[in-house]
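One structure below.
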Amino acid sequence: MSETDTDLEARLAEQDSFEPPQSFIEQANVSDPDIYDAFENDWPHCWEDAADLLEWSSDYEQVLDDSNPPFYEWFTGGELNASANCLDRHLEERGDEAAIEWVGEPVDEDNRTYTYNELHREVNEFAAALQELGVGEDDVVTLYMPMIPELPVAMLACARIGAPHSVVFAGFSADALATRMNAADSEYLVTCDGYYRRGDPLDHFDKATTGLDNVDHEVDTVVVERLPSEDAFANTWPEQTRGYDELVENHAGETVDPVDRDAEDMLFLMYTSGTTGQPKGVKHTTGGYLSWAAWTSHAVLDIKPEDTYFCSADIGWITGHSYIVYGPLTLGTTTMMYEGTPDHPDRNRLWEIIEEYEANQLYTAPTAIRAFMKWGAEYPDSHDLSSLRLLGTVGEPINPRAWKWYYKHIGNEECPVVDTWWQTETGGMMLTTLPGVCEMKPGSAGPPLPGVSADVVDMSGSPVSAGEAGYLVVNKPWPGMLRTLYNNDDRFINEYWREYSNTDSDESSDWVYFPEDGAKIDGDGYITVLGRVDDVLNVSGHRLGTMEIESAIVGVEGVAEAAVVGGEHDIKGEAVYAYVITEDGYNHGEDLREAIVEGVEDAIGPIARPEAVIFTRELPKTRSGKIMRRLLEDIANGDDLGDTSTLRNPEVVEDIQRKLGSD
Ligand code: WT7
């Protein structure tokens, strides 16, 4: 009889650290514990090891130029092309091996395998097509596509001709698309007609064209026809719209020489939420970012060319950029893409895919793991998951109970689990155990990677003692770091550097990067990340700015004021709670609630959908008039509120609590 959850809990609950299995260490890409000292002693030259994983068309002259902090430059003078690194250099040895294994959502779908030769061919053809459309070096191309193979094809085609891509998550709304296209001055859009979600075809093109109506300049659009004719929507294509298939056919068999890009040239832009309504355009470079994606994929995900590697993230987020596309393909492995959700048509789907493709790694998010846990171990337990060698998580803190469940039921206690802390801005992993070296402590991401210098400090910047909570900081630059916010160097400095740096100094050692996360550190230097300390929520591992949601809500007719906070949620980690004050006399009924939910979905997307909309007369404010968000969070979570007498309007708290209770 298999161990029950209760037995497992009893046995594993006691254990707070786990050694990596000997069998894993023996084959690990990195297994020498001396790497930590070696990298520290040889910093920044240690990062030549990362650059060495790439093929350069001209060698770099300097590893790090830190003469103008925080505008660091890495591998200066070097030239390379990301698409050539992901494709061309693998052709001789691995041309007929699978580069991408794509699994569509419909179960009877003809899933697609792209060998390196095939992927190379299609990337070249589409690169030629982009050139025909007039896309030149440094033109930003927006890619608004779900998990279909044409998305990585388009990314690599852009990289090939030196056009930075800006991928907008397909679940984002039309408005979100328009905001990002306007901010990036992007004159090209590649999108698709639709895709499947839980068995139903979604009309994606309609959303894209609605977005285009709000773009303030002309746009050339390419449409991938993903849906078979029986499910296709009857959309008419506006002018300046071309079909992907026809374009690629027109350029059948053509090749496009990969352009040499300077190491510091932009590879892509990725918009992410911040504390204001305007998303931040995070700029990543060709040399530093690609080295970082490759090195961390090698050292942490332990990827080898012969592996089949599965990351269940969406390419619309940074996780998919670094760890579905760029890292794995640079290493010449087989990377998997799954279009759908893990519970369609039933809760066996993910485990069936892993079993069928004999995946060697699984990299997913705590929110998914908590859902698997809730569904029950019978689903994974009834599949042969013995191909798995390593498990990873990313996106938010993972509670020890979920970690242990993952370790036991998915990894059969034979796979190391890497809890990787990083951000859109860091380009790749920063804090995590090295799976072939370190002991693992559930709930704690682990130490900084070798060559990464991070700490937990108090408000004045002094390191806190072991066990105390403080703020996470990164003390030294790293190759994968963002270079700036697109067209906004001031915001770049204000958001990430001002807090803990001497901004008048041009000494690199006076500059400290602040990721805006709270954390604590233990006596072994293991860091537990506690969550954001700014007004940014983390819903299911996705970052959402409270301001963005609030401005969507106040845009709804009848709403006077809104405050959005995060409340605890079993599966999502955090959920959106919206406190809303209506204009006088406005009916606070179901219709308005619906209009608010719709308003948020239209402005951002379904991921930002409020869990609760609470109508209130007033918001709790300090005497100086600042909304007490912390208090609203405590109310949402049903926590003890402490002393509320310092509020300007203490009576409003009871009013809100009563409302919540009655909802
Ligand atoms: C924020 C970054 C990194 C790709 C996905 C999210 C939180 C991320 C962890 C982790 C605790 C984590 C942080 C971070 N976060 N990974 N392993 N443990 N928290 O990228 O949207 O840029 O969000 O996600 O709060 O700042 P993102």
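Quick notes on this one:
- For the range 121-253: relative contact order, % (alpha-carbon pairs under 8 angstrom, 6 or more apart): 27 percent
- Using a simple spin-label model with pseudo-atoms 7 Å out from Cα toward Cβ, GLU561 and GLU358 lie 6.4 nm apart.
- Evaluated at q = 0.05, 0.11 Å⁻¹: base-10 log I(q)/I(0), Debye formula over Cα of the chain: -0.22, -1.19
- In this Cβ point-charge picture (+1 for Lys and Arg, -1 for Asp and Glu), the chain has a dipole of about 1680 debye about its Cα centre.
- Peptides 61-67, 290-296 ordered by packing proxy, namely the average of other Cβ atoms within 10 Å per residue, highest first: 290-296, 61-67.
- Residue exposure sequence - VAL219, VAL564 - by fewest surrounding Cβ within 10 Å: VAL219, VAL564
- Listed pairs LYS283/LYS572; LYS374/LYS572; LYS408/LYS441; LYS404/LYS441; LYS207/LYS280; LYS441/LYS520 exceeding 19 Å between Cα atoms: LYS283/LYS572; LYS207/LYS280
- Highest mean first, the peptides 50-59, 182-191 sorted by other C-beta atoms within 10 Å per residue fall in the order 182-191, 50-59.
- What separates the Cα centres of the range 124-148 and the range 352-409 is a distance of 35 Å.
- Each residue of the range 458-465 was assigned a 3J(HN,Hα) from its phi angle through the Karplus curve 6.51 cos²θ - 1.76 cosθ + 1.60 (θ = phi - 60°); the sequence is 8, 4, 8, x, 8, x, 7, 7 Hz, with glycine and proline shown as x.
- Candidates per GluC sites (Glu not before Pro) in the range 271-374, loop by DSSP, up to 15 other Cβ within 10 Å: GLU306, GLU358
- The chain, relative contact order in percent, only Cα pairs under 8 angstrom and at least six apart counted: 13 percent
- With θ taken as phi - 60° and the Karplus curve 6.51 cos²θ - 1.76 cosθ + 1.60 applied, the whole-hertz 3J(HN,Hα) list for the range 262-267 is 5, 3, 8, 5, 5, 8 Hz, x standing for glycine and proline.
- If the convex hull is drawn through the Cα atoms of the range 536-662, its volume per residue in Å³: 105 Å³
- Each Cα pair under 8 Å and six or more residues apart adds its sequence gap; the mean of these over the residue count of the range 1-157 is a relative contact order of 13 percent.
- What separates the Cα centres of the range 62-108 and the range 507-572 is a distance of 30 Å.
- Highest average packing first - 69-77, 279-287, 103-111, 488-496, Cβ atoms within 10 Å: 279-287, 69-77, 488-496, 103-111
Where a number appears in this text, it was derived from the coordinates with a stated rule and is not lab data. Fair warning: this is a prediction, and the values are worked out from it, not measured in the lab. No Cβ is skipped: glycine too gets one built from the backbone with ideal geometry, and neighbour counts run over all protein chains shown.
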